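Enquirer: Got a structure for you, written out below as structure tokens; questions coming shortly.
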Amino acid sequence: MKYGKKDAKDHSRRTMRGIWAAALTPFKPDLSIDEEGMRRNFEHWITDLQIDGFFIAGKQGEFFSMSIDERKRNLEIAIDACAGRAQTIMSCSDQNIDVVLDLARHAQRAGADYIVVHAPLLHFLIEQDDTLTEYYRRIAEEVDIGIALWSHPDSGYLMSPQLCARLADIENVVAIKYSVPRPMYAELTRLAGDRILVSTSSEEEWLDNILELGWQLYLCSSPPYLLQSAGDLRMRRYTDLAFAGKEREARAVRDSLEPVREALRTTRPPEKPHSHQKFWQELLGQAGGAVRAPLLELTPEERRRTQRAFETCGLNKQS
């Protein structure tokens, strides 16, 4: 680690900035991890797309279908491929806290910059806030690495802005991926924006969150490498324009991406986000590959429809 536990918040404030992407994990036809494809993706994402950081082995990365050793290997590949040119945040989410702690310690030893821990599924919700406070406090006590919280409807509940503000007082809690309606994350920004970096995965809201809420971090989903190519860095461009205070130019560039967003949105089958995104990656020349059970592959017709939309969406595919 490049910082001590007591310096985690200050370090994140200085370095946890810009566009971070949630990496999909490419699998070969035999469903083994395509390590060479992963490395090619990271090289393209860093060198050509100028992405600042990567969320490793999260839900986009299909952590739920991987063994603990495979999740650890994912992180090791990412750290090696990034080679100090981009940062990494390792998903340590699991229902078993011993697995969370094992992954967190591995991330710290391996040289990850941060970890992220999803709010767990709770079967009894009577004392939810106290339960979650003790859960995150326990994890923070066991490691020195900076921790990002993650609240998403998948847990069956959403952590309130008030609870998140309380958790922001934990020494090495540095950020949150807050997948909630905008009024909730705006309230958390007001309550604790000086103690925790607030972010959400919605690319469509990213520009407004820079300009209106003063955000510095997009944490994170797949748009940074699905909406862009080596010859078309519009997400990077509007982000940099917004950071420079050039609102009108930033909005024009952001709005110009709407046909690409629409192509992705209208061709994605409701239960097949991973296979759809992986196919889109392949259309862009990236390593996509198969998905593991229980996820479903695209049908031939779904692939044809997606390719037609891709070819007419206005994304410049040339390097």
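The values are calculated or read from the model by the stated rules, or taken from the named source; none is laboratory data. Nothing here was measured: the structure is a model prediction, and the numbers come from that model. Cβ atoms come from the backbone with ideal geometry, glycine included; neighbour counts cover every protein chain shown. Quick note on the areas: whole protein, heavy atoms, side chains included, nothing else; ligands and nucleic acids left out. Shrake-Rupley method; radii C 1.70, N 1.55, O 1.52, S 1.80 Å.
Enquirer: Can you report the principal axis dimensions of segment 1-149 using only the alpha carbons, biggest first, rounded to whole angstrom?
Expert: Extents along the principal axes: 46, 39, 24 Å.
Enquirer: Once label points are set 7 Å from the Cα along Cα→Cβ at both residue 97 and residue 204, what is their separation, rounded to one decimal in nm?
Expert: Between residue 97 and residue 204, the label points sit 3.8 nm apart.
Enquirer: Sticking with this one: Can you give the alpha-carbon Rg of segment 103-224 over 2.2 N^0.38 Å, where N counts its residues?
Expert: With N residues counted in segment 103-224, Rg over 2.2 N^0.38 Å equals 1.03.
Enquirer: For the chain, with all protein chains present and a 1.4 Å probe, just round the carbon and sulfur fraction of the accessible area to a whole percent.
Expert: Of the solvent-accessible surface of the chain, carbon and sulfur hold 50 percent.
Enquirer: Hey, another quick one. Restricting to the chain, compute how many DSSP beta bridges are antiparallel as a %, nearest 5.
Expert: So the antiparallel bridges amount to about 10 percent of the total.
Enquirer: Helix 68-82 versus the longest principal axis of the chain: what angle, 0 to 90°, nearest 10, using Cα atoms?
Expert: 70
Enquirer: Using only the alpha-carbon atoms of segment 166-263 as identical scatterers, what base-10 log of I(q)/I(0) does the Debye formula give at q = 0.16, 0.22 Å⁻¹?
Expert: The calculated log intensity ratios at q = 0.16, 0.22 Å⁻¹ are -0.69, -1.14.
Enquirer: Might you tell me the accessible area per residue for segment 38-149, computed with a 1.4 Å probe and given in Å²?
Expert: Result: 39 Å² per residue.
Enquirer: Angle, helix 258-267 long axis vs. longest principal axis of the chain, Cα atoms, 0 to 90°, nearest 10?
Expert: 90
Enquirer: Using only Cα atoms, find the angle between the long axis of helix 273-283 and the longest principal axis of the chain, and express it within 0 to 90 degrees, rounded to the nearest 10.
Expert: The two axes meet at around 50 degrees.
Enquirer: Given that just one value was derived from the coordinates, which of (i) 19.2; (ii) 22.0; (iii) 19.9 is Kirkwood radius over Cα pairs in Å?
Expert: Among (i) 19.2; (ii) 22.0; (iii) 19.9, the one derived from this structure is (iii).
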